[in-house]
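The values are calculated or read from the model by the stated rules, or taken from the named source; none is laboratory data. As the structure is a prediction and not an experimental result, all values here were calculated from the model. Cβ atoms come from the backbone with ideal geometry, glycine included; neighbour counts cover every protein chain shown. Keep in mind that these areas ignore ligands, DNA and RNA; they rest on the heavy atoms of the full protein, side chains included. Shrake-Rupley method; radii C 1.70, N 1.55, O 1.52, S 1.80 Å.
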Amino acid sequence: MLFRRILLLSVVFALAAEPAYSQTWLQRYLRERRAKEEAKKAAAEAEKAQDDQDNPGEEIRRAEPVNAADPTVQNSGAPEVTTAADGTALPVRRAEPVNTPPPEPTPEPVRTPEPVRKAEPVTPVRPPVPSLVVTPPPADRPAATPARTPVARATPAPVPAATPLPTPERIVTVKPTPAPAPPPLALDAPAPTPAPSPATAAATPAPNDEMDPNANVIRVAPSNKPAPADVGQFQYANAFYARKEYDRAAPEYERYLSLYPNGDDRQAAFFRLAESHRQLNNLNAARKAYEALLLGFTDGDFVGPAAYRMADLCFDDGNYPDALAYYRKASVRVKDPAILLSTKYNIARCQEALKAASDAIETYQDVLTVAENNPFREASRLALARLLAASGRRSEAVAQYDALIKETSKPALKAEATVREGLLLQESGKADKAIATFNRALQMPELGNWKETALVSLLRAAYDGKNYQQVLDTYRTAGKDFSADAQPEVLLIAANSNRQLGKDNAARPLYEQIIRDYPSSNYAKDAQYYRLISLYNLNAPELMGEVDAYLAQNPDASEKRDQLTLLKAEALYKTRNYSAAAPLYASLDESRLSSSLKAEALFKLGWCHTQVQPRDNA
C-alpha cells in the first residue's frame, strides 16, 4: 500500500515538473482529432452556404395578362384589369415559376438476366508481339500432321494420295524472340532486308531442299493457346531458313540449341544449322553441326541426310575411307529413293577411288538395275565400262559401251563412248572394227575434244592393219589439225607408212623433222632408229657412221644394239665386204634376236667364210 502511494506521488511529481509543451500521445491525438472535426464541420457549413447562394429557391413572378398592357398605363398599388378593344376583360393566367422542375424519370425496363457461361481463356496480348499467320500448305503438299497439342512438331511430310483441302488461316500468338542485330553497312552495299516477323514468315515452309526431310512441314497447327517458348524460337529460326537468310537463321538455331537442351526439334535444328553454314560456305562449322547430330542421335529423319552431307564433305576433301563409311550409313537411313540411288552411286565412286575395282563394278551394276528415273545410269555405265576394260574384261566393256551408245540421248556422251569403244577394239587386235568405229565417231559434230584422239587412233589402227595408204591419205587431209603434243606421233606413223611402202625418200625428212622439232619426246629416239633403216634401204654411205653415233648416244639400247649390228652386217654384205661382215654375223650368235634372224645370220656368216677363204689362200 505504501509502495503504491509512493509510485503515484512520483508520477504526479513528474507530470508537474514536465514542461508545458510536453504532452502525452493521448493528449496530442485528442487535440488533433478535435481540430480535424472542427475543420470538417466548418467546411460542411461553408459548402452548404455556397450551395444556397448558387441554387436559390423558385422565383414566383407577378401574373401578367396574355396580351401586354398599354405601356402608357401606369401600375398602381392595386392590380390593373386589362381590357380588349371592345371593352371585354382579358383573362389572367396563373403565375408559374421561372425554373421548370425536371420531368419525372421514366422507369427503366426490367432486364432479363443472361445465362452464365463458362469462363474461357483469353490469349494475352503482349505488345509489340506480332502474331503468327499460318498459311495453308500448297496444293501439291499435305498439311502438317500435329505431333502434339497444341503445336505441331516438325514431322516428315507424308506422300499425299490426293490434293488436300486448304486449311483456313488461324492466328496463333507466340512469345517473340528479339531480332538479331543487323550487320554494319558497307558504303556501297545495299541496305539489309529487315528481320522477318513471326506474323509474316515464321510459318513459311523451308527451302525445298531434297536433303531436308521436313523441308515443307515448317508449320504451326491451329490453336487458341500460345505456343511454347521452344517452339516459338524454333519457328522463328525457320522463318529465316525459309527465306534463305542463312546468316540470320544460323544464330537463331544456335540459340534454340543452347536454351532448350531437351527440345523436341533439336535434331532438325542441328541439321538446318549445318545446312545454313554449308550454304554460307562455312564448311568447318557445318561439319561440326553434322557431327553433333550424328553423335547425339542414332535414329531419326535427319540422321541419313546428315550422314550424306558429311560423306560429301569428306569426298570433296579426298578422304575416301570416311566418305565411304558415311555413305554406307546414309544408305540405310535415308528414305527418299532418289537420295538412296545417289548414295549407291557415290559409294561406287569411293570404291573406285580406293582401287577396289571388283566392289565398284558390283555397286555400279546395282545402280544400273534401276531403269526409271535414274539420273546416274549413264555415268554408272560409263564408269563400269572403264573398270571392266582396266580389269582386262574388254568384251564386257565393249558391250557396256554399245549399250550406252544406244541408251543415251546426249550427243557428246555418245561420241565419247564411240571413241572409247574403238580404242578397246584396237587394243583387242580388231583393226577393221576399230577403223569403222573411229570413222563413225569422226562423223559426229559433237566429238569435241575427242576428235584428235579419234584421228590419232584411226592412224594407229590403219597402220596396225597394214592400211598404209589410208594412213597417208588421212595424214594429208588432217595433218594440220593435230596439236603439238600429238604431232610427233602422227609424223612417226606417217614416216613409217612411207617406209613400209618403199618410199624412204619421203620417210627420211619426216624422221629428221621429229628429231629436230621434238628432240625430248620419246618418239625422237624411235625416229632416230627408223631413220637408220631408211638409210640402209637407200644405201646411204653415211650409214656406218650414223649407226655408231646412235649406239654411242644410247648405250642402254641393248635390244636395238643387236638389231643395228645385224643392220651393219647386212650393209657390208650388200657391198660384198664379206671379211668385215663375217665378225659382225659371228657376234650375233648369243644375241636377243629371234631364232629366224639368228639362223639367217649364221647362214650369211658361212657364206662370208666361203667367200673369204679362197682369197686368203691366194
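Of note:
- Looking only at residues in the range 544-569 that are of a type in the set (S, T, N, Q) and closer than 11 Å to Y529 by Cα, the one that is surrounded by the most Cβ atoms within 10 Å (Cβ to Cβ) is Q563.
- Residue identified as touching an Asp or Glu at 6+ places or on another chain (Cβ under 6 Å), open to solvent by less than 20 Å² (accessible area, probe 1.4 Å), in contact (Cβ under 8 Å) with a residue 12 or more places away in the chain and among the small types (G, A, S) among A360, A383, A397, A412: A360
- Sole residue being small (G, A, S), outside any helix (DSSP H, G or I), modelled with pLDDT under 95 and under 16 Å from the mean Cα position of the chain (by Cα), chosen from A227, A221, A206: A206
- The residue list S534, S579 contains one member that is in contact with a helix residue (DSSP H, G or I) (Cβ under 8 Å, 6 or more places away or on another chain), surrounded by fewer than 18 Cβ atoms within 10 Å (Cβ to Cβ) and at pLDDT 85 or above, which is S579.
- Within the range 459-493, the set of residues being aliphatic (A, V, I, L, M) and without any contact (Cβ under 8 Å) to a residue 24 or more places away in the chain comprises A478, A484.
- Some residue of the range 442-449 being at positive phi and surrounded by fewer than 19 Cβ atoms within 10 Å (Cβ to Cβ): yes
- Qualifying residue in the range 596-611 (condition: open to solvent by 60 Å² or more (accessible area, probe 1.4 Å) and within 60 Å of the chain's Cα centre (by Cα)): no
- S395 falls short of the stated requirement of being part of a loop (DSSP other than H, G, I, E, B) and over 26 Å from L492 (Cβ atoms).
- Any hit, the range 343-359, residues being in contact with a Ser or Thr (Cβ under 9 Å, 6 or more places away or on another chain), modelled with pLDDT of 95 or more and either within 30 Å of R255 (Cβ to Cβ) or β-branched (V, I, T) (or both): yes
- Residue within the range 334-342 that is buried (at least 21 other Cβ atoms within 10 Å of the Cβ), closer than 20 Å to A289 by Cβ and under 20 Å from the mean Cα position of the chain (by Cα) present: yes
- Pick from the range 479-500, criterion of a type in the set (D, E, K, R) and open to solvent by 40 Å² or more (accessible area, probe 1.4 Å), ranking: nearest to I533 (Cα to Cα): D485
- Note on the range 251-288: residues that are open to solvent by 10 Å² or more (accessible area, probe 1.4 Å) and among the aliphatic types (A, V, I, L, M) amount to 6.
- T369 meets each of the listed conditions (1) open to solvent by 70 Å² or more (accessible area, probe 1.4 Å); (2) under 19 Å from D212 (Cβ atoms); (3) of a type in the set (S, T, Y) apart from (2).
- Selection count, the range 380-395, where residues are among the hydroxyl-bearing types (S, T, Y) and within 10 Å of I361 (Cβ to Cβ): 1
- Taken as a whole, the condition of being open to solvent by less than 40 Å² (accessible area, probe 1.4 Å) and of a type in the set (S, T, N, Q) applies to S521.
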